[in-house]
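The values are calculated or read from the model by the stated rules, or taken from the named source; none is laboratory data. Bear in mind that the values here come from a model prediction, so they are computed numbers and not experimental data. Counting neighbours? That spans all protein chains shown, and the Cβs are built from the backbone with ideal geometry, glycine included.
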Amino acid sequence: MESRRIRQAAAAGFLLLAALASGALAQDLEPRSYSNAPIGLNFLIGGFLYTRGDVAVDASVEVTDARLQTRSAVLAYARSLDVWGRSAKFDVILPYTALDGQALVAGAPVKREVSGFGDPRFRFSINFYGAPALPPEKFAEYHQDLIIGASVQVTAPWGQYDPDKLVNLGTNRWSVKPELGASKAWGTWIVELSAAGMFFTDNDDFFGGNKRAQDPIYSAQAHIVHLLRSGIWIALDGTYYIGGRTTLNGVRGNDLQTHTRLGATIALPIDRYNSIKIYGSTGTFTRTGTDFDAVGIAWQYRWGRGF
């Protein structure tokens with residue numbers, strides 16, 4: 001029973017590695033976001049992400065013919081919570097990115113080499129159905145069926161930003177992303193679906209002192225996850241998003257974004273406290289918007305009640 005509890009807790013601990021996603025927020029691929037986890041645990045996460053292609057940290061910037069690459073280090077903290085008897089999570093994510101290359105941005109050729117902090121993210125998620133809040137000593141008795149949950153992510157405009165540059169690491173605006181998700185298990189297989197909308201405040205100091213507004217970006221994700229007895233799990237990931245048309249000084253742009261991505265994830269337990277996640281994704285269809293390849297690795301250390 002003890003070894004089983006450790007394996008299940010280790011597998012659940014990988015949930016919070018999903019916080020490490022690409023800088024293009026609307027294109028995040030996050031398997032197991034709404035799975036259950038023991039309450040009272042803390043997670044410290046460090047990771048590295050490499051991207052190449054039409055990469056824009058600010059998803060409102062139209063990037064074409066890009067030869068850009070980014071190398072990002074990410075530090076995150078997360079905690080599993082008991083909220084009115086339901087399992088919940090809170091996480092905060094701080095990226096540091098180095099970007100270099102050249103591209104056409106809104107039709108203009110630019111070269112850019114910059115490094116610094118990106119915008120931090122704060123997220124709260126809660127499972128409304130099928131995932132009760134359980135301490136680690138009782139979690140081994142839990143078996144997933146259907147879970148329904150929701151989350152809200154807020155991105156703060158505190159990253160490095162230069163209004164004289166078209167491509168920046170920070171966005172100089174707030175964004176809010178509410179999401180609704182479901183996770184259904186059949187034995188060692190799990191199918192997950194989620195839908196979200198990302199809403200933006202205006203950037204009042206866009207390139208050259210202009211005002212830039214952006215319509216919401218709506219996205220959907222799907223994941224097929226397979227759990228192995230050793231605590232390893234693997235996932236096939238996909239996402240689709242549409243929206244994000246921009247307005248510059250009151251003039252509406254012809255830049256509606258449509259994009260699909262496919263990816264894969266593998267999570268590997270090391271011991272009771274440590275785990276590693278390896279993930280990658282690629283764009284499969286783009287009609288205006290960012291189109292890039294990404295690969296990353298993340299390490300997670302967990303501690304707290306029952307560990």
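Can you tell me which residue in the stretch 129-141 is modelled with the highest pLDDT, limited to those that are surrounded by 15 or more Cβ atoms within 10 Å (Cβ to Cβ) and more than 13 Å from Leu81 (Cα to Cα)?
Checked the stretch 129-141; the qualifying residue modelled with the highest pLDDT is Gly130.
Residue-by-condition table, conditions (1) touching a residue at least 60 places away in the same chain (Cβ under 8 Å); (2) out of contact with any strand residue (DSSP E or B) (no Cβ under 6 Å at 6 or more places or on another chain); (3) over 18 Å from Ile278 (Cα atoms):
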site	(1), (2), (3)
Gln221	yes, no, yes
Ile224	no, no, no
Ala235	yes, no, no
Tyr240	no, no, yes
Thr246	yes, no, yes
Gly250	no, yes, yes
Asp255	yes, no, yes
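Please tell me if Phe43 is within 26 Å of Glu179 (Cα to Cα), at pLDDT 95 or above, over 15 Å from the mean Cα position of the chain (by Cα) and of a type in the set (Phe, Trp, Tyr).
no
Quick check on my filter: what residues within the stretch 217-241 are of a type outside the set (Ser, Thr, Tyr) and surrounded by fewer than 18 Cβ atoms within 10 Å (Cβ to Cβ)? Break it down stepwise before answering.
Taking the stretch 217-241 and keeping what is of a type outside the set (Ser, Thr, Tyr), we get 217, 220-229, 231-238.
Scanning the stretch 217-241 gives Ala220, Ala222, Ile224, His226, Leu228, Arg229, Ile232, Ile234, Leu236, Gly238.
Would you point out which residue out of Gly238, Gly263, Gly283 is of a type outside the set (S, T, N, Q) and out of contact with any His (no Cβ under 8 Å at 6 or more places or on another chain)? Steps first, answer last, please.
Values: Gly238 fails: out of contact with any His (no Cβ under 8 Å at 6 or more places or on another chain); Gly283 fails: out of contact with any His (no Cβ under 8 Å at 6 or more places or on another chain).
Gly263 is the lone residue from the list that is of a type outside the set (S, T, N, Q) and out of contact with any His (no Cβ under 8 Å at 6 or more places or on another chain).
Which one is modelled with the highest pLDDT among residues in the stretch 167-191 that are among the hydrophobic types (A, V, I, L, M, F, W, C) and crowded, with 21+ Cβ neighbours inside 10 Å?
Looking at the filtered set, the residue picked out is Ile190.
If Thr246 meets every condition in (1) over 15 Å from the mean Cα position of the chain (by Cα); (2) surrounded by fewer than 22 Cβ atoms within 10 Å (Cβ to Cβ) apart from one, which number is that one?
(2)
When only residues in the stretch 261-288 that are of a type in the set (Val, Ile, Thr) and either crowded, with 17+ Cβ neighbours inside 10 Å or at positive phi (or both) count, which is modelled with the highest pLDDT?
Thr265
Cβ-Cβ distance below 6 Å, separation of 6 or more or different chains: which pairs start in the stretch 177-194 with a residue that is of a type in the set (A, V, I, L, M) and end on one that is surrounded by 15 or more Cβ atoms within 10 Å (Cβ to Cβ) and not in a strand (DSSP E or B)?
That search, which allows pairs on different chains as well, returns Ala185/Gln144.
Looking at (1) part of a strand (DSSP E or B); (2) without any contact (Cβ under 8 Å) to a residue 60 or more places away in the chain; (3) farther than 30 Å from Gly46 by Cα; (4) out of contact with any Asp or Glu (no Cβ under 6 Å at 6 or more places or on another chain), which is the one condition that is false for Ala213?
Evaluating Ala213 over (1) part of a strand (DSSP E or B); (2) without any contact (Cβ under 8 Å) to a residue 60 or more places away in the chain; (3) farther than 30 Å from Gly46 by Cα; (4) out of contact with any Asp or Glu (no Cβ under 6 Å at 6 or more places or on another chain) leaves (4) as the failure.
Considering only residues that are farther than 18 Å from Asp204 by Cβ and over 14 Å from the mean Cα position of the chain (by Cα), look in the stretch 147-166 and name the one that is surrounded by the most Cβ atoms within 10 Å (Cβ to Cβ).
Gly149
Report yes if Glu113 is in contact with a helix residue (DSSP H, G or I) (Cβ under 9 Å, 6 or more places away or on another chain), at pLDDT below 95 and surrounded by fewer than 16 Cβ atoms within 10 Å (Cβ to Cβ), otherwise no. Outline the logic, then answer.
Working: in contact with a helix residue (DSSP H, G or I) (Cβ under 9 Å, 6 or more places away or on another chain): no; at pLDDT below 95: yes; surrounded by fewer than 16 Cβ atoms within 10 Å (Cβ to Cβ): yes.
Spelling it out, it is not the case that Glu113 is in contact with a helix residue (DSSP H, G or I) (Cβ under 9 Å, 6 or more places away or on another chain), at pLDDT below 95 and surrounded by fewer than 16 Cβ atoms within 10 Å (Cβ to Cβ).
What number of residues within the stretch 139-161 satisfy the criterion of being charged (D, E, K, R) and in contact (Cβ under 8 Å) with a residue 12 or more places away in the chain?
Residues in the stretch 139-161 being charged (D, E, K, R) and in contact (Cβ under 8 Å) with a residue 12 or more places away in the chain: 1 in total.
Could you grab me the full set of residues in the stretch 165-197 that are farther than 18 Å from Ala222 by Cβ and in a strand (DSSP E or B)?
Ser175, Val176, Pro178
Could you say whether any residue in the stretch 286-297 is in contact with a Pro (Cβ under 6 Å, 6 or more places away or on another chain) and either touching a residue at least 12 places away in the same chain (Cβ under 8 Å) or not charged (D, E, K, R) (or both)?
no
Could you count how many residues in the stretch 72-127 are touching a residue at least 60 places away in the same chain (Cβ under 8 Å) and β-branched (Val, Ile, Thr)?
4
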